[in-house]
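Colleague: This is the structure I have questions about; it appears just below.
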């Protein structure tokens with residue numbers, strides 16, 4: 001909503017709040033469409049300024065409201081200005097095999113994150129970004145670095161470890177820049193041969209980073225091991241449990257979350273409860289429970305109070321998070337009755353607003 005001078009009003013604008021005169025009498029009710037009669041009435045009552053609805057006031061879902069907010073517009077502009085700089089740094093590194101730009105990465109991180117007041121806002125902003133197809137690999141890593149700062153806070157990492165995790169985010173998927181883009185972002189299921197080639201990106205990244213003086217062992221291990229899984233089902237070495245570097249475990253969660261919440265040419269980003277459900281479906285045996293659980297709980301908790309639309313078109317508010325089944329909260333209808341999604345497997349959340 002914004003205040004507009006009477007003389008600047010245009011036909012079709014919608015009054016945002018009830019308008020009263022100096023005697024506290026209602027002159028124009030909210031949601032009235034502006035026309036010549038409305039403007040004349042305001043003039044007769046000496047009202048010189050009124051609140052008018054903006055596009056964001058007509059948004060119906062939470063993410064539509066985020067997308068239309070001034071804060072997101074600022075974030076998007078800053079992000080889009082920084083993306084080409086980040087892409088050039090990484091492309092030059094891949095081409096020359098020499099890295100000397102760590103301070104520039106820090107500058108990029110600081111500029112972008114300064115546009116979000118909270119970690120939750122940053123997650124919402126990233127959810128609404130639509131990277132171009134030619135920068136999707138770069139966006140995946142840049143987003144992961146930004147997420148690392150949020151998740152690192154939720155993991156209660158020290159400032160030193162937080163900065164190290166952010167650096168891991170910038171670099172861990174750099175090996176993909178040495179693979180064909182049509183392989184990386186193919187919408188159809190990969191063939192066995194294609195999947196085998198895709199999996200080489202961890203070794204390609206390791207080979208790029210291993211002899212760089214400015215890049216430490218932790219970043220190198222995160223790059224090599226971020227697709228290892230605690231149950232031994234990952235790659236390239238099928239490591240288990242404590243054999244996997246702790247920062248690689250952190251990045252594994254960030255990597256999976258970023259992939260699920262980013263738009264692709266073949267699907268929309270998954271909403272928070274869908275993300276949680278996917279993680280819970282895989283189980284905690286793949287991602288270390290002590291690392292994954294606090295992130296999923298925090299993501300679920302940020303949805304408290306939001307309205308959701310269910311697969312049966314019913315709408316209700318998120319009332320309580322179910323700690324034993326985070327993807328299926330307790331919902332409250334407008335009439336005060338409840339829907340316990342943990343006991344209603346036939347229902348699913350299709351939108352949040």
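Colleague: So, of the residues in the stretch 314-341 that are more than 25 Å from the chain's Cα centre (by Cα) and without any contact (Cβ under 8 Å) to a residue 24 or more places away in the chain, which turns out to be nearest to residue 282 (Cα to Cα)? So that I can check it myself, show each step before the final result.
Modeller: Taking the stretch 314-341 and keeping what is more than 25 Å from the chain's Cα centre (by Cα), we get 314, 332-340.
Add one more test, that the residue is without any contact (Cβ under 8 Å) to a residue 24 or more places away in the chain, and what stays is 332-338, 340.
Details: 332: 28, 333: 31, 334: 34, 335: 36, 336: 34, 337: 32, 338: 28, 340: 22 Å.
Ranking the candidates gives 340 first.
Colleague: Right, another one. Go through the stretch 294-316 and count every residue that is farther than 19 Å from residue 124 by Cα and either crowded, with 16+ Cβ neighbours inside 10 Å or touching a helix residue (DSSP H, G or I) at 6+ places or on another chain (Cβ under 6 Å) (or both).
Modeller: 2
Colleague: Here's a follow-up. Is it the case that some residue within the stretch 186-204 is in the same structural domain as residue 147 (by TED's automatic domain parsing), in contact (Cβ under 8 Å) with a residue 60 or more places away in the chain, touching a helix residue (DSSP H, G or I) at 6+ places or on another chain (Cβ under 7 Å) and assigned to a helix (DSSP H, G or I)?
Modeller: Looking through the stretch 186-204, none of the residues is in the same structural domain as residue 147 (by TED's automatic domain parsing), in contact (Cβ under 8 Å) with a residue 60 or more places away in the chain, touching a helix residue (DSSP H, G or I) at 6+ places or on another chain (Cβ under 7 Å) and assigned to a helix (DSSP H, G or I).
Colleague: Also: Quick one: which residue in 239, 296 is more than 16 Å from the chain's Cα centre (by Cα) and over 22 Å from residue 184 (Cα atoms)? Walk me through it before giving the result.
Modeller: On the way: 296 fails: more than 16 Å from the chain's Cα centre (by Cα).
On inspection, the qualifying residue turns out to be 239.
Colleague: Among 112, 85, which is more than 22 Å from residue 1 (Cβ to Cβ), buried (at least 17 other Cβ atoms within 10 Å of the Cβ) and modelled with pLDDT of 95 or more?
Modeller: Result: 112 is the single residue among 112, 85 that is more than 22 Å from residue 1 (Cβ to Cβ), buried (at least 17 other Cβ atoms within 10 Å of the Cβ) and modelled with pLDDT of 95 or more.
Colleague: Please work out which residue is farthest from the chain's Cα centre (by Cα), limiting yourself to the stretch 207-221 and to residues that are assigned to a helix (DSSP H, G or I) and farther than 17 Å from residue 164 by Cβ.
Modeller: The residue in question is 207.
Colleague: Any idea which residue in the stretch 122-167 is surrounded by the fewest Cβ atoms within 10 Å (Cβ to Cβ), counting only those that are within 10 Å of the chain's Cα centre (by Cα) and assigned to a loop (DSSP other than H, G, I, E, B)?
Modeller: Among those residues, the one meeting the criterion is 128.
Colleague: Which residue is surrounded by the fewest Cβ atoms within 10 Å (Cβ to Cβ), if the candidates are limited to the stretch 180-209 and must be at pLDDT 95 or above and closer than 14 Å to residue 94 by Cβ?
Modeller: Checked the stretch 180-209; the qualifying residue surrounded by the fewest Cβ atoms within 10 Å (Cβ to Cβ) is 207.
Colleague: Another one. Whether any residue in the stretch 302-324 is closer than 30 Å to residue 248 by Cβ, out of contact with any strand residue (DSSP E or B) (no Cβ under 7 Å at 6 or more places or on another chain) and modelled with pLDDT of 95 or more is what I want to check.
Modeller: Looking through the stretch 302-324, at least one residue is closer than 30 Å to residue 248 by Cβ, out of contact with any strand residue (DSSP E or B) (no Cβ under 7 Å at 6 or more places or on another chain) and modelled with pLDDT of 95 or more.
Colleague: Please give the number of the condition residue 90 fails out of (1) more than 26 Å from residue 2 (Cα to Cα); (2) within 20 Å of the chain's Cα centre (by Cα); (3) assigned to a helix (DSSP H, G or I); (4) touching a residue at least 12 places away in the same chain (Cβ under 8 Å).
Modeller: Every condition holds for residue 90 apart from (2).
Colleague: On the phi < 0 side of the Ramachandran plot and either part of a loop (DSSP other than H, G, I, E, B) or within 14 Å of the chain's Cα centre (by Cα) (or both), is that true of residue 117? Steps first, answer last, please.
Modeller: On the way: on the phi < 0 side of the Ramachandran plot: yes; either part of a loop (DSSP other than H, G, I, E, B) or within 14 Å of the chain's Cα centre (by Cα) (or both): yes.
Yes; evaluated as a whole, the condition is true for this residue.
The values are calculated or read from the model by the stated rules, or taken from the named source; none is laboratory data. These figures come from a predicted structure and were not determined experimentally. Counting neighbours? That spans all protein chains shown, and the Cβs are built from the backbone with ideal geometry, glycine included.
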